[in-house]
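Structure, as structure tokens:
Readers should treat all values here as calculations from the given coordinates under stated rules, not as data from a laboratory. All of these numbers come straight from a predicted model, not from anything done at the bench. All Cβ positions, glycine included, derive from the backbone under ideal geometry; neighbour counts span all protein chains shown.
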Amino acid sequence: MTLEIFTYGFMQRALVSGIAIALLCSVVGLFLVLRRYSLFGDAVAHSSFGGIALGLLLGIYPMWTAYVIALISAAIITRLKQKFDISGEASVAILLSSGIAFGLILISISGGFSVDIFSFLFGSILLVSIEDTILILGLTGGILIVILLLYRELIYSTFNEEQAKVSGIPVEKINYLIVFIAGITVVTSIQLVGILLISALFVIPNVTAIMFGRSFKQTAILSISFAISAVVIGILISYLLDITPSGSIVMLSITIFAVTIGLKSLGLINRSLKIKKSFLSNHFVNN
Amino acid sequence: MKVVEIKNLTFEYPGVKAIDNVSFSVEQNDFLGIIGPNGAGKSTLFSCMLGLNNQYDGTIFFFGKNIRESKKYLKDIGYVPQKPIFEKNFPATVREVVRMGLRKKFDEKRVDKVLQDVWIHELSHKRIGELSIGQQQRVFIAKALVGDPKILILDEPVTGIDIQSTELFYGILRDLNKKQNITIIWASHDLDAVNRLANKVACLDRTLFFHGVSDKFFSNEELVKKYAEASMQKHMHQHVKS
């Protein structure tokens, strides 16, 4: 029964799309968290709600309008920060509420909530089509290639903007690039966990990994591992227990965070997630 | 040979002149100490020199070229800020921080050498946030040196560092200037250290009221007294305001 679920087409598509989205969110999210932009995903997701409502009202595929609105929102957040010295968190809060308000007005005009809107709010990874899967894989590949090519610029401008500028890195352009990448990632991920839980994918695996990773690469690998584990196990649990995948994925991420933080506070694991030798030897002797 | 030349530099924040018609030059292999009270315009001067601030009047030349025309001069500059500012939980090792900004094909031995030069090699696998402020500042010197710069610019780099680390830091700067022939431009409050280390002094308080050989400044009691009075007045003014 358990292995049988891997033979279903919808499950295969859900797992492939879920793994790609987990990989993308953890890598992009690491830059956002370290830039103190943890709620950026939330703000862009909420503003893309307006885009989805606009698409549904106009009869256009809502994901396309969501991408457009997400990119405009990402540009506005960056502009507010750079030009008017409005803090990142304040501009995030402004966009977060304005996106929802815009969406609600459009939904009211179009005659109220529909099933479509709920699937965008809470995610519907088990319903992704083959076309969606191809789009998700394509965007994941494209964004990861851009990140690998500009890794040097991205990490340095995240670490210290002033020093990056002095070393000749075009920091303003890099800032726009990272928010555009994040905007595309947010909209792509809506299908997995929905608008309301999106920031969990960006933030929780990274906050967990940052506690343990010594180097940037190690932290990125840990974050990717946590995110993919939560998504794969979350999707399987949701199917077996007949619960919503978005809820089980996010709750699993939180469980991983809680367990690791608990083990760390008890002194049972050190940085790099290695179980302390003293704990192992005591355990071995006692048993 | 002049490596830096500043002509009639003026910079104004809204309603306040931070730098007023400042002109001076720096010769190759100079160790220039820039002294001045808080708010004298030292950091503003550096931000103009480093291309972080382009809203100034006047001209700045590095290696004979106007910096408004090209940013290529930055590859020959190492910069150490006043405080190593970064997210304190940033997951990067000392070695990773030193490598940041380097092209993909770089010499790992060069990274080892600069880490050894600033006495930080044994900490190279530690996470940057686990180091003391003094150690972090040495990492930032290593970072400034790894690109093999011709000029090192330091903005009050020992602020908040204990005396022992400060002396170690000064020793490193002296070696870089004497043994590796790196031109150093260094903003400092520490008159005694400037007297010991720098061969040239620029005394700034919005305008430049001295620029020349270090001995000439420190042997002129009137100049030193004028500097001390200006510093005291600024200090008192800030104290009353706060």
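Of A:213, A:141, which residue is over 24 Å from residue A:77 (Cβ atoms) and surrounded by fewer than 22 Cβ atoms within 10 Å (Cβ to Cβ)? I'd like the intermediate steps shown before the answer.
On the way: A:213 fails: surrounded by fewer than 22 Cβ atoms within 10 Å (Cβ to Cβ).
Just one listed residue meets the conditions, A:141.
Please go through the range B:38-79 and give me each residue that is more than 9 Å from chain A (Cβ to nearest Cβ) and of a type in the set (Val, Ile, Thr), ordered by number.
Answer for the range B:38-79, where residues must be more than 9 Å from chain A (Cβ to nearest Cβ) and of a type in the set (Val, Ile, Thr): B:44, B:59, B:60, B:67.
Report, by residue number, each residue of the range A:82-93 that is touching a residue at least 24 places away in the same chain (Cβ under 8 Å) and surrounded by fewer than 19 Cβ atoms within 10 Å (Cβ to Cβ).
Selection gives A:82, A:89, A:93.
Quick check on residue A:176: is it among the hydroxyl-bearing types (Ser, Thr, Tyr), in contact (Cβ under 8 Å) with a residue 12 or more places away in the chain and surrounded by fewer than 20 Cβ atoms within 10 Å (Cβ to Cβ)? Show your work before the answer.
On the way: among the hydroxyl-bearing types (Ser, Thr, Tyr): yes; in contact (Cβ under 8 Å) with a residue 12 or more places away in the chain: yes; surrounded by fewer than 20 Cβ atoms within 10 Å (Cβ to Cβ): yes.
For residue A:176, the condition - among the hydroxyl-bearing types (Ser, Thr, Tyr), in contact (Cβ under 8 Å) with a residue 12 or more places away in the chain and surrounded by fewer than 20 Cβ atoms within 10 Å (Cβ to Cβ) - is met.
Report yes if residue B:123 is at the interface with another protein chain (Cβ under 10 Å from one of its Cβ atoms) and touching a Leu at 6+ places or on another chain (Cβ under 8 Å), otherwise no. Give the steps one after another, and end with the answer.
Values: at the interface with another protein chain (Cβ under 10 Å from one of its Cβ atoms): no; touching a Leu at 6+ places or on another chain (Cβ under 8 Å): yes.
Taking the combined requirement at face value, the residue does not satisfy it.
Residue B:163 fails exactly one of the following numbered conditions: (1) surrounded by 14 or more Cβ atoms within 10 Å (Cβ to Cβ); (2) aliphatic (A, V, I, L, M); (3) more than 17 Å from residue A:167 (Cβ to Cβ). What is the number of that condition?
Residue B:163 satisfies every listed condition except (1).
Across the range B:68-95, what is the total count of residues that are over 24 Å from residue B:52 (Cβ atoms) and not hydroxyl-bearing (Ser, Thr, Tyr)?
Here is the first cut: in the range B:68-95, the residues over 24 Å from residue B:52 (Cβ atoms) are B:89, B:91, B:93-95.
After this cut, where a residue has to be not hydroxyl-bearing (Ser, Thr, Tyr) as well, the list is B:89, B:91, B:94-95.
Residues that pass the stated criteria total 4.
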